[in-house]
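Down below is the structure, laid out as structure tokens.
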């Protein structure tokens, strides 16, 4: 069993090493190769740094020999040489440091851009299924780890390796026998360092997942602070957070211990090397073979080589952490969206605005279908309302029209053209959406309205705001249209946020409107104003409305009643009420609640 365990560990280690090679090749091909010229310049500078560092022990040996020979050049040649060597090293160190840092940060920044682009192209389901914190970690922690890996890899693999080679060369030049003894001991540390690196990589993966969990927890707790306080959940949330923080602490400590094991290994081997060399030097001096001065340069080289050797020894742990982070980033970049354009997709040309769903079925991956065999038609210049209990499938219909999701079965078409056959940009440009879940960005009021039409003039933005009954309250804000709305529009009331969202849709001036209870957060006065604006906006357009307050859809040209993902009734308000079915029951229930003074 022990043999099997060792074999399994060896197999896992081999797989990790093979995967690391694949990741390293991809890092070079996709992110590093474009900086080849800068790397060549940095390499040249690093070689100068290594050469000038190796010159120190040679200068010490040369100085000793000049002192012994009473050479007068010691007074002028040696100071000038030392000044030249140190200046060359300092300038080269500065240059290579700036270049390598700029490359590592450029790689990190380019990865962040690529990940953001990938998320923008990703399926809505993929974004909603991932915790926000887990995604945020990839943009912050993971890219920082990769930046550190690139920087350390360039410095340690080029500068420090070159420095070790140069210093070992100086040691062989000064005394090849002692150099052989010193060099023979360091390879012993290679195997334990590689094993420790694999453990660090595994722990790094766990830490990043935990950081994602903590970030999500903090976001949830802060966004839901009102509910937490109202329900007295402070202790419960504190316990959740404590468990997350404690779990991360335990994993971090295990990773710290794994990293720390490298130090005693390298230090002990360095100590053995120095001890062995000093013993030999002492033996030779006591026998009168040489003097201490003859070994001063060699001892200096031996001491100087310890730092780059230690840096190279700890590099494996940094690389393993970096490869773990790179794998997570590449996983995101490599995801292929299921919602994509066909190679021959053409721009949608909306001529009339006829929206049709034929035998549409859809499931969110659960056993129960969200929609099943839905047939629906929204004729041009008409308003169609969707009503029904929560979970009936109303929002799903809205999601399928702009292809936020694709129908599992059946077709969704506009003017007879399947929405899968047109470009996504043209499809979504033809649709304006106003949802009860208003999304505002932490920008100015003007910018949030202008998202409906980025090249809109100030006059057009203000006209849209007036049509949405928003202009008056906007001008009353401290900075008017330039007022920052805060994170998710938090500085505005619910009704104000909704009117800005409506202004955005009015500005877009799309031929197809999707209204998800667009007036749900308005007071009676503003609702009348917005309803009047909507009536004007609906003219000449195809409008599909999700209605929770049935009083708002009395005048709809057609009403579809959904239940459990199926259409159970269809007709206008009077016809449906006369049928005394589900629609009539929902109407009576709401009218009774309103009569009792409750808000629906």
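No value in this document is a laboratory result; all are computed from the given coordinates. What you are looking at is a predicted structure, and each value in this text was computed from that prediction instead of being measured. Please note: Cβ atoms are built from the backbone with ideal geometry, for glycine as well, and neighbour counts cover all protein chains shown.
How many nm separate the modelled label positions at residue 246 and residue 140, each set 7 Å beyond the Cα in the direction of the Cβ?
2.4
Compute the FRET efficiency between residue 441 and residue 283 as 1/(1 + (r/R0)^6), taking r as their Cβ-Cβ distance and R0 = 56 Å, and round to the nearest 0.05.
Approximately 0.15, to the nearest 0.05.
Peptides 48-55, 139-146: what's the order by average Cβ count within 10 Å, highest mean first?
Ranking, from highest mean packing down: 48-55, 139-146.
Would you mind computing, in nm to one decimal, how far apart the modelled labels at residue 71 and residue 34 are, each placed 7 Å from Cα along Cα→Cβ?
5.2
Just to be sure I understand the model, the point goes 7 Å from the Cα along the line to the Cβ. What's the resulting residue 101 to residue 344 distance in nm?
About 5.6 nm separates the two model spin labels.
By how many nm would the segment from residue 183 to residue 359 lengthen if fully extended, with 0.36 nm per residue of separation less the alpha-carbon distance?
55.7 nm
With a ≥ b ≥ c the root eigenvalues of the C-alpha gyration tensor of the stretch 18-96, is it rounded (a/c under 1.5), prolate (a/b larger than b/c) or oblate?
In terms of gyration-tensor shape, prolate.
Work out how much length residue 423 to residue 404 would gain on full extension: take 0.36 nm times their residue separation and subtract the Cα-Cα distance, in nm to one decimal. Each step should come with its number before you reach the end.
Working: separation 19, 0.36 × 19 = 6.84 nm, distance 1.31 nm.
So the chain would gain 5.5 nm between residue 423 and residue 404.
By the gyration tensor of its Cα atoms, with a ≥ b ≥ c the square roots of the eigenvalues, what is the shape of the stretch 328-412: rounded for a/c under 1.5, prolate for a/b over b/c, or oblate?
On the way: a/c = 2.35, a/b = 1.28, b/c = 1.84.
Judged from the Cα gyration tensor, the stretch 328-412 comes out oblate (a/c at least 1.5, b/c at or above a/b).
Treat the count of other C-beta atoms within 10 Å as a stand-in for reagent exposure and order 566, 346 from fewest to most.
The order, fewest Cβ neighbours first, is 346, 566.
Among 506-517, 31-42, what's the highest-first ranking by average C-beta atoms within 10 angstrom per residue?
506-517, 31-42
Give the calculated FRET efficiency between residue 352 and residue 493 to the nearest 0.05, with a Förster radius of 41 Å applied to their Cβ-Cβ distance.
0.60
In percent, what relative contact order does the stretch 358-510 have, based on Cα pairs under 8 Å that are 6 or more apart in sequence?
Taking the mean separation of contacting Cα pairs over the length of the stretch 358-510, I get 22 percent.
With the Cα gyration tensor of the stretch 419-467 giving a ≥ b ≥ c as the square roots of its eigenvalues, does the rule (a/c under 1.5 for rounded; else a/b larger than b/c for prolate; else oblate) give rounded, prolate or oblate?
Values: a/c = 2.22, a/b = 1.67, b/c = 1.33.
Verdict is prolate for the stretch 419-467.
Which order, highest average first, do 83-91, 492-500 follow once you tally other Cβ atoms within 10 Å for each residue and take the mean per peptide? Don't skip to the answer; put the middle values down first.
On the way: 83-91: 13.7, 492-500: 21.6.
For the peptides 83-91, 492-500, the packing ranking is 492-500, 83-91.
Using 0.36 nm per residue of separation minus the Cα-Cα distance, give me the extension gain between residue 584 and residue 116 in nm, one decimal.
The residue 584-residue 116 span can extend by a further 163.7 nm.
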